[in-house]
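**Q** Below is the structure I would like to discuss, written out as structure tokens.
The values are calculated or read from the model by the stated rules, or taken from the named source; none is laboratory data. These numbers were taken from a predicted model, which means no experiment stands behind them. Here the Cβ is made from the backbone with ideal geometry for all residues, glycine too, and neighbour counts use every protein chain on show.
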Amino acid sequence: MEKIEVSYKSEGGNEPVYKSYSASGADLFANISRDIVIEPGKRHLVPTGIYLEIPEGYEAQVRPRSGLAAKYGLTLLNAPGTIDADYRGEIKVLLINLGESSFKVHNGDRIAQIIFTPVVKGVFKAVSEISSTKRDKGGFGSTGYRGE
């Protein structure tokens, strides 16, 4: 386990919480003074009230909560959202409502999850040609979808 420093610069920020022993994502909570209504097709940047000090060599990824996505069509517009180790601003979650009904966010609602992962930086080297593979230039959908 990596130690993550957490600061609360606004009243009512909740520490991220792992809801089960083997959970890879910790829940993030809305920290808002009044409810936010997100209409279908609209987005909103929701504050959490927390600030993190992520160790060098790691990143945080903010991801949707599966229950909100399945039940209400609520997800993250930039999933996963990347938080770099040198970012020190408030953690905010960019929610979008892809459902058919308005969704109301209340203070203290679990709105997303956050995971921490090591970062491996690439060393880029210019070459005149790259190797071929069986898949080669096949892109979106090129491997099929029915176990073909």
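**Q** Restricting to segment 25-55, what's the tally of residues that are under 15 Å from the mean Cα position of the chain (by Cα) and exposed (fewer than 12 other Cβ atoms within 10 Å of the Cβ)?
**A** Residues flagged as under 15 Å from the mean Cα position of the chain (by Cα) and exposed (fewer than 12 other Cβ atoms within 10 Å of the Cβ) within segment 25-55 amount to 1.
**Q** A follow-up question, please. Looking only at segment 20-34, count every residue that is in a loop (DSSP other than H, G, I, E, B) and in contact with a strand residue (DSSP E or B) (Cβ under 6 Å, 6 or more places away or on another chain) and tell me the total.
**A** The number of residues fulfilling the criteria is 4.
**Q** Taking segment 85-118 on its own, how many of its residues are over 20 Å from Ala23 (Cβ atoms), surrounded by 11 or more Cβ atoms within 10 Å (Cβ to Cβ) and under 16 Å from the mean Cα position of the chain (by Cα)?
**A** Looking only at that region, the number is 8.
**Q** Those residues that are without any contact (Cβ under 8 Å) to a residue 40 or more places away in the chain and either under 22 Å from Glu56 (Cβ atoms) or among the aliphatic types (A, V, I, L, M) (or both), I need them from segment 1-14; list them, please.
**A** Hit for segment 1-14 is Met1, nothing else.
**Q** Please identify the pairs in which a residue from segment 57-78 that is over 13 Å from Pro40 (Cα atoms) and in a strand (DSSP E or B) has its Cβ atom under 6 Å from the Cβ atom of a residue that is aromatic (Phe, Trp, Tyr) and modelled with pLDDT of 95 or more, counting only partners at least 6 apart or on another chain.
**A** So the pair list comes out as Tyr58/Phe116; Ala60/Phe116.
**Q** Tell me whether segment 35-52 contains one or more residues that are within 20 Å of Leu94 (Cβ to Cβ) and part of a helix (DSSP H, G or I).
**A** no
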